[in-house]
Amino acid sequence: MSALAVAHPRRVHLRPVPALAPEPPVTVTISIAGGAAEGRSRVLAALRDLVDAAGAGVEVAVEPDSTNPIHLDPRARTALREGIQLDLSRLEYDLLLFLARHPRQVFSRTQLLAQVWGHTHTTNRTVDVHVSRLRTKLDDPEVVTTVYGLGYRLADDAAITVEA
């Protein structure tokens, strides 16, 4: 006889719980933009740990971004889209890299001339021409967004990763 039975001599009757209707699956989409590959790996590992803690019947599927992601490698100075190298000039590459490293920030033409070109001795129209050429070569005019009256910035949904 257990200690609980001695303390409470009454019998407890349990009724079966009625079967509940299965719940529809829940899909959670998490977009990890920017940052180093190591940081992305840590986030994915933490998500997998959470799923493991949730138990059986839960699964994680990591799907690649389907929006033609662009991968920049500053050491090799390469820009790849789906493994195919993009033919960018030095300034187009530097402009894209600068904007990718500063997401959600608006830069005036003068700021871009100072940060990307390294001087302000040329006209602001130089920035406009390079942005136009970059948009054409990326085959996506929405990657670099014009903020009228202010300058340019990287689009919020731009699928660009920069290797650390």
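The values are calculated or read from the model by the stated rules, or taken from the named source; none is laboratory data. This is a predicted model, so every value here is computed, not measured. Neighbour counts run over all protein chains shown; Cβ positions are idealised from the backbone, glycine included. Protein only, heavy atoms only, side chains kept; ligands, DNA and RNA dropped before computing areas. Shrake-Rupley method; radii C 1.70, N 1.55, O 1.52, S 1.80 Å.
Take HIS102: with every protein chain present and a 1.4 Å probe, its accessible area is about 60 Å².
Could you list the GluC sites (Glu not before Pro) in the stretch 84-164 that lie in coil according to DSSP, counting only those with at most 16 other Cβ atoms within 10 Å of their Cβ? Please report the intermediate quantities before stating the final value.
Details: sites: GLU92, GLU142, GLU163; in loops: GLU142, GLU163.
Listed in order of number, the matching sites are GLU142, GLU163.
For HIS121 and GLU163, a Förster radius of 22 Å and the Cβ-Cβ distance give a FRET efficiency of 0.10, rounded to the nearest 0.05.
Probe radius 1.4 Å, ligands and nucleic acids left out: which of VAL127, VAL147 has the largest accessible area, and how do the rest follow?
VAL147, VAL127
Distance between the 7 Å Cα→Cβ label points at VAL106 and VAL43: 2.5 nm. Label separation (LEU91 vs TYR148): 2.6 nm, computed from points 7 Å beyond Cα along the C-beta direction. The phi torsions of the stretch 72-87, fed into the Karplus equation with coefficients 6.51, -1.76 and 1.60 and a -60° offset, translate into couplings of 9, 10, x, 5, 8, 6, 10, 10, 10, 10, 6, x, 9, 6, 8, 8 Hz, rounded to whole numbers, with Gly and Pro shown as x. Checking every one of the chymotrypsin sites (Phe, Trp or Tyr not before Pro) in the stretch 87-164 against DSSP loop status and a limit of 12 other Cβ atoms within 10 Å picks out TYR148.
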